[in-house]
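Let me begin by handing over the structure; questions about it come next.
The values are calculated or read from the model by the stated rules, or taken from the named source; none is laboratory data. These figures come from a predicted structure and were not determined experimentally. Because the Cβ atoms are built from the backbone with ideal geometry, glycine has one as well, and the counts that use them run over all protein chains shown.
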Amino acid sequence: MSNAKWADVIGWALLAVLLVLALTSGDTYTLKVVLWISLNILAAAALRFVMLTGELNIATAAFWGVGAYVAAILTAWYKLPFFLSLLIGGLAPMLLSVLFGYVTLRTKGPYFMLISFAFTEVLRLIYTQTESIGGNSGMIGIYPPRWLDPYYSAIVVAIVAALLAVFFWLERGAFGKLLKAIQNNDAVTESVGIDVLKMKVICLAVASFAAGVGGALFAHANRVISPGDFSFLVAVYALAYVKIGGETQFSGAIIGAVLLTLLNQYVIAFGHYEHLFFGGAIVVAMLVLPNGLMGLFERVAIAFGGTRENAAPAARGGH
Amino acid sequence: MDLAAQLLVNTLQIGSVYVLFALGLTLIFGVMKIVNFAHGEFFSLAALVVAVLMPVLAPALGLPLWVDFLIALAAAIGAVLVLGTLTYWIGFERYLRDLVGSFILSVGLILFLQGVFVEIFTATPRPVEPIVTGTISIFGGRITAQRLLIVALAITFTAMLYLVLQRTKLGKALRAVAEDREAAMLQGIRYRSISFYGWLIGVSMAGLAGALIAPLTVSQPAIGGDYLIKAFIIIIIGGLGSIPGAIFGGLLVALIESIFGYYYDLTIATIIMFVLVMVFLLVRPQGLMGHVER
Amino acid sequence: MAGGTLLEASGISRSFGGLKAVSNLSFAVRENEILGLIGPNGAGKSTTFNLISGYYRPHAGKLTFAGRDITGFKPSKVGRLGLVRTFQHHSLLADLSVYENILTGAYMFVRDAAEREQRIRETAGLVGLTSHMDELAKNLPHGHQRLLSIAIAFASRPKLLCLDEPLTGLNGAEINHALDVIRRIRDDFGTTILLVDHNIRAVMRTCGRIVVLNFGEKLAEGSPEDVSRNPEVIRAYLGGGTA
């Protein structure tokens with residue numbers, strides 16, 4: 001079996017372990033950690049999906065936030081069923097992302113990155129200015145149905161795994177190859193009849209649906225949300241998971257999210273040194289592991305006689 | 001009071017600092033092809049150094065306040081240069097022309113430096129005593145002498161950067177690299193050392209902006225972050241890497257901010273700026289002065 | 001052999017910052033021909049290519065393709081209608097395999113998976129890359145890369161295949177092979193071809209008709225013999241064209 005296939009096996013095995021833990025563990029702390037790991041995996045996978053086209057979509061954080069607010073409003077105010085709120089929590093940011101993408105995906109590289117950053121921060125400003133959704137202090141009382149409470153972590157893991165399966169399937173198929181073709185050379189891709197803007201918008205829409213569902217699940221796990229939860233840092237952490245796991249492999253997002261979330265559990269104990277430590281960890285990891293853990297894994301495998309894979313290329317720098 | 005004149009004076013006053021800040025960002029992008037998200041941290045460091053030194057210098061030296069300010073400003077730029085050199089050697093040097101890698105690195109740096117600044121300077125807001133007092137009237141718009149001094153200094157620094165870029169050998173090399181790195185290297189320009197100087201000049205511009213803002217506000221470690229989003233809007237409008245674009249964009253953003261900030265508030269002004277950027281992109285995706293190949 | 005008109009450019013112009021790259025240019029590509037487009041450096045060949053394939057919008061003039069006005073269409077729309085071009089530089093999906101490169105070319109035109117597989121095999125076979133399917137495009141030797149860029153475009157089975165400098169950097173044997181591939185695309189598939197290249201001799205050998213550009217305008221048009229005897233053409237080339 002090739003390295004890439006091994007990497008996939010490791011990724012899916014980790015998800016299976018999370019599911020088993022969520023189903024069997026009675027320990028509240030373990031369940032919480034499993035839940036945060038799963039949500040982080042989803043954020044990382046959603047960010048990485050758009051990275052297949054070569055664009056760094058910081059607005060992953062924005063769509064995560066829209067999903068959270070929409071779902072929270074639906075269950076907390078209108079008492080709509082939880083699962084319906086998840087669905088709409090995915091669809092609303094998806095629609096918004098189509099509008100956003102149609103305008104902004106004409107640009108690429110640093111321009112798109114900065115615009116998606118600005119979009120994220122402007123949405124956050126809008127939340128703080130909107131008193132009806134709690135302004136700066138946000139919303140409280142966002143609960144999943146009572147009967148679901150004991151299974152909440154398991155539900156989250158299952159939904160995340162399902163969405164990841166969709167990402168995996170899309171990436172492996174012709175559509176995923178097309179996204180990589182766009183990343184490589186959008187002019188050539190356009191020349192053979194492929195509407196690059198439309199493809200990028202579809203890609204963004206799929207990723208934003210997943211991000212929205214993630215935000216909705218986050219809101220119901222956290223019970224309270226506020227604008228501060230949806231700053232661009234959400235996307236930065238997601239990118240750190242992808243990068244430290246190794247962006248060329250699908251399972252890099254999974255492995256990175258598992259490791260960094262576990263690390264963060266220890267870091268929280270440092271109190272106000274938390275940021276300092278986590279920032280330092282990201283910087284050190286970037287300097288020591290330029291291709292992430294999967295890159296390290298690949299190097300080790302090659303050293304032991306394996307072969308290099310035709311892995312997806314790194315996202316484009318500059319333009 | 002003439003409202004239009006007042007709004008113009010306000011624009012100049014806000015804009016001059018935005019321009020300095022955005023110039024640094026756009027210069028670094030031009031030369032290194034990276035976006036320095038940690039630009040605000042250099043701004044914060046300089047503001048904090050000035051805010052800490054000013055109350056200490058005055059009683060210790062017994063010199064006029066403006067001399068104290070110049071000393072504090074020099075110290076602030078010194079601190080920024082030290083931090084800039086360290087961050088370049090340890091990190092950014094390895095991420096030249098790597099947009100994504102440098103992004104994570106610079107955000108990691110934001111988190112790290114925020115922690116360090118809070119340790120060193122604490123989170124307490126630090127005001128600075130006015131350097132000069134009094135109010136001056138220009139074209140019917142009123143401005144405090146303090147702010148006028150700051151504007152004058154900001155314009156001076158901007159002009160100095162412009163002269164350096166246009167006239168000196170270093171400036172020509174920086175522009176050549178920004179325009180076409182490979183052609184510049186063929187002409188014997190050493191890219192690595194030029195990008196280091198570009199980086200140092202860029203972060204110094206952030207530092208100058210921070211040092212100039214310190215006397216006008218209360219400084220605390222997170223102060224630089226507020227400038228970042230506006231600086232991004234400025235360089236999107238002006239075109240990444242474009243020096244005239246950053247100047248124009250900075251003044252435009254300041255104009256919008258003073259008009260909408262006057263009638264509504266600053267948050268609304270920022271939101272409106274973003275909406276304008278979106279509309280603008282729909283019409284002209286290649287930016288105002290920069291050009292994206294299509 | 002020559003049929004009706006497939007592509008007609010009438011009076012197209014485009015300037016960049018006041019400099020006229022192409023000015024009031026008219027020419028027609030007839031069905032099933034191989035038309036050569038030549039001219040000294042800076043004559044406007046690349047601009048013409050970008051204009052007809054939709055990468056630049058003409059400032060004036062009209063483009064008609066297969067009886068349809070395509071002026072101002074996006075490149076992808078022009079491509080879907082059956083006018084597909086290759087690129088002089090950056091003509092490949094460098095980090096993708098040969099298979100994935102050709103797949104990209106076929107993607108919009110063959111929906112059925114089995115049929116698409118067949119299309120990819122056939123195209124790879126035509127250019128002689130069947131045994132390199134899993135190699136990354138960037139790792140191929142230069143000659144193979146040039147052929148792959150033709151394969152990407154031809155995988156779409158266009159009506160009009162526009163080749164931008166397909167022979168650059170090839171040695172003698174490789175040039176013969178590439179020209180053979182180009183002729184077979186026309187003869188076996190009935191594809192019309194517009195060929196731009198610096199290698200005048202190769203173009204003369206392959207094309208039925210030739211259009212010569214100079215300073216963004218049409219200098220001459222006709223059979224290879226006529227064109228090579230045309231004094232203005234000779235002067236343009238001997239004078240370096242930019243004198």
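In the stretch C:81-91, which residue that is more than 7 Å from every other protein chain (Cβ to nearest Cβ) and assigned to a loop (DSSP other than H, G, I, E, B) is surrounded by the fewest Cβ atoms within 10 Å (Cβ to Cβ)?
C:HIS89
Limited to the stretch C:102-131, what total is found for residues that are crowded, with 19+ Cβ neighbours inside 10 Å and part of a helix (DSSP H, G or I)?
Final tally of qualifying residues: 11.
Just to confirm my filter: which helices (runs of 4 or more DSSP H) fall fully inside the stretch B:34-126 and include at least 3 residues that are more than 14 Å from chain A (Cβ to nearest Cβ)?
Once the helices (runs of 4 or more DSSP H) in the stretch B:34-126 are filtered for at least 3 residues that are more than 14 Å from chain A (Cβ to nearest Cβ), what remains is B:39-61, B:65-90.
Given the residues A:LEU52, A:LEU35, A:LEU96, which is the only one that is at pLDDT 95 or above and within 19 Å of A:ALA221 (Cβ to Cβ)?
A:LEU35
With respect to A:LEU15, is the statement that it is touching a residue at least 24 places away in the same chain (Cβ under 8 Å) and buried (at least 24 other Cβ atoms within 10 Å of the Cβ) true?
no
One line per residue, one yes/no per condition, for (1) within 14 Å of chain C (Cβ to nearest Cβ); (2) more than 19 Å from A:LEU99 (Cβ to Cβ); (3) free of Cβ contacts under 8 Å to residues at least 40 places away in the same chain:
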site	(1), (2), (3)
A:ASP195	yes, no, yes
A:ALA211	no, no, no
A:ALA219	no, yes, no
A:ASP229	no, yes, no
A:LEU239	no, yes, no
A:GLN249	no, yes, no
A:ILE255	no, yes, no
A:LEU260	no, yes, no
A:LEU263	no, yes, yes
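For C:TYR99, are the conditions met, namely being in contact with a helix residue (DSSP H, G or I) (Cβ under 8 Å, 6 or more places away or on another chain), assigned to a loop (DSSP other than H, G, I, E, B) and of a type in the set (Ser, Thr, Tyr)?
Spelling it out, it is not the case that C:TYR99 is in contact with a helix residue (DSSP H, G or I) (Cβ under 8 Å, 6 or more places away or on another chain), assigned to a loop (DSSP other than H, G, I, E, B) and of a type in the set (Ser, Thr, Tyr).
How many residues does the stretch C:48-80 contain that are in a helix (DSSP H, G or I), touching a Lys or Arg at 6+ places or on another chain (Cβ under 7 Å) and either within 11 Å of another protein chain (Cβ to nearest Cβ) or touching a residue at least 60 places away in the same chain (Cβ under 8 Å) (or both)?
Total meeting the criteria: 1.
Of all residues in the stretch C:212-237, how many are modelled with pLDDT of 90 or more, over 15 Å from C:ARG201 (Cβ atoms), surrounded by 15 or more Cβ atoms within 10 Å (Cβ to Cβ) and not charged (D, E, K, R)?
8
Among B:SER204, B:SER193, which is the only one that is closer than 23 Å to B:ARG147 by Cα and polar (S, T, N, Q)?
None of the other options fit; the residue is B:SER204.
A quick yes/no check of all residues on (1) under 15 Å from B:VAL100 (Cβ atoms); (2) more than 14 Å from every other protein chain (Cβ to nearest Cβ); (3) basic (Lys, Arg); (4) surrounded by fewer than 24 Cβ atoms within 10 Å (Cβ to Cβ):
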site: A:ALA46; (1), (2), (3), (4): no, yes, no, no
site: A:TRP77; (1), (2), (3), (4): no, yes, no, yes
site: A:LEU87; (1), (2), (3), (4): no, yes, no, yes
site: A:LEU91; (1), (2), (3), (4): no, yes, no, yes
site: A:GLY101; (1), (2), (3), (4): no, no, no, no
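Let me ask another. Looking at A:ASN57, is it assigned to a helix (DSSP H, G or I), within 16 Å of A:SER208 (Cα to Cα) and out of contact with any Gly (no Cβ under 6 Å at 6 or more places or on another chain)?
It is false that A:ASN57 is assigned to a helix (DSSP H, G or I), within 16 Å of A:SER208 (Cα to Cα) and out of contact with any Gly (no Cβ under 6 Å at 6 or more places or on another chain).
Here's a follow-up. Of the residues that make up the stretch B:42-53, is at least one out of contact with any helix residue (DSSP H, G or I) (no Cβ under 9 Å at 6 or more places or on another chain) and either without any contact (Cβ under 8 Å) to a residue 40 or more places away in the chain or aliphatic (A, V, I, L, M) (or both)?
No: the stretch B:42-53 contains no residue that is out of contact with any helix residue (DSSP H, G or I) (no Cβ under 9 Å at 6 or more places or on another chain) and either without any contact (Cβ under 8 Å) to a residue 40 or more places away in the chain or aliphatic (A, V, I, L, M) (or both).
Among the residues of the stretch B:5-33, what is the count of those that are more than 19 Å from B:LEU149 (Cβ to Cβ) and part of a helix (DSSP H, G or I)?
Qualifying residue count for the region: 13.
Against the condition among the hydroxyl-bearing types (Ser, Thr, Tyr), under 20 Å from B:ARG97 (Cα atoms) and touching a residue at least 12 places away in the same chain (Cβ under 8 Å), how does B:TYR227 come out, does it pass?
no
Show me the helices (runs of 4 or more DSSP H) entirely contained within the stretch C:133-243 in which 3 or more residues are under 16 Å from the mean Cα position of the chain (by Cα) and among the small types (Gly, Ala, Ser).
Where helices (runs of 4 or more DSSP H) fall fully within the stretch C:133-243 and carry at least 3 residues being under 16 Å from the mean Cα position of the chain (by Cα) and among the small types (Gly, Ala, Ser), they are C:142-154.
Any residue at all in the stretch C:146-158 that is within 13 Å of chain A (Cβ to nearest Cβ), in contact with a helix residue (DSSP H, G or I) (Cβ under 8 Å, 6 or more places away or on another chain) and among the basic types (Lys, Arg)?
Within the stretch C:146-158 (the criterion being within 13 Å of chain A (Cβ to nearest Cβ), in contact with a helix residue (DSSP H, G or I) (Cβ under 8 Å, 6 or more places away or on another chain) and among the basic types (Lys, Arg)), the answer is yes, since at least one residue qualifies.
Pairs only if they're at least six apart or on different chains, beta carbon under 7 angstrom, first in the stretch B:1-16 and in contact (Cβ under 8 Å) with a residue 40 or more places away in the chain, second among the charged types (D, E, K, R); list them, first residue then second.
So the pair list comes out as B:MET1/B:ARG142; B:GLN6/B:ARG142; B:GLN13/B:ARG147; B:ILE14/B:GLU257.
Would you check if there is a residue in the stretch B:205-227 being in contact with a helix residue (DSSP H, G or I) (Cβ under 7 Å, 6 or more places away or on another chain), among the aromatic types (Phe, Trp, Tyr) and within 14 Å of chain A (Cβ to nearest Cβ)?
For the stretch B:205-227, residues in contact with a helix residue (DSSP H, G or I) (Cβ under 7 Å, 6 or more places away or on another chain), among the aromatic types (Phe, Trp, Tyr) and within 14 Å of chain A (Cβ to nearest Cβ): present.
Taking A:GLY173 and the conditions (1) in contact with a helix residue (DSSP H, G or I) (Cβ under 9 Å, 6 or more places away or on another chain); (2) within 14 Å of chain C (Cβ to nearest Cβ); (3) of a type outside the set (Ser, Thr, Tyr), which numbered condition does it fall short on, given that it satisfies the others?
Answer for A:GLY173: the failing condition is (1).
Take the stretch C:40-66 and flag every residue that is within 15 Å of C:LEU7 (Cβ to Cβ) and of a type outside the set (S, T, N, Q).
C:PHE49, C:LEU51, C:ILE52, C:GLY54, C:PRO58, C:GLY61, C:LYS62, C:LEU63, C:PHE65, C:ALA66
Please go through the stretch A:284-298 and pick out each residue that is at the interface with chain B (Cβ under 10 Å from one of its Cβ atoms) and surrounded by 21 or more Cβ atoms within 10 Å (Cβ to Cβ).
Once the filter is applied, which keeps residues that are at the interface with chain B (Cβ under 10 Å from one of its Cβ atoms) and surrounded by 21 or more Cβ atoms within 10 Å (Cβ to Cβ), the stretch A:284-298 yields A:ALA285, A:MET286.
Across the stretch B:57-67, what is the total count of residues that are surrounded by 12 or more Cβ atoms within 10 Å (Cβ to Cβ) and without any contact (Cβ under 8 Å) to a residue 60 or more places away in the chain?
4
Okay, next question. Out of the stretch B:205-242, which residues are surrounded by fewer than 24 Cβ atoms within 10 Å (Cβ to Cβ), of a type in the set (Gly, Ala, Ser) and assigned to a helix (DSSP H, G or I)?
B:GLY225, the sole residue that qualifies.
For the stretch C:56-75, enumerate the residues that are at negative phi and touching a strand residue (DSSP E or B) at 6+ places or on another chain (Cβ under 6 Å).
Scanning the stretch C:56-75 gives C:TYR56, C:PRO58, C:HIS59, C:ALA60, C:LYS62, C:LEU63, C:THR64, C:PHE65, C:ILE70, C:THR71.
Then there's this: More than 14 Å from chain B (Cβ to nearest Cβ) and either within 30 Å of A:ILE182 (Cα to Cα) or at pLDDT 95 or above (or both): which single residue out of A:ALA118, A:ALA68 fits that description?
The unique qualifying residue is A:ALA68.
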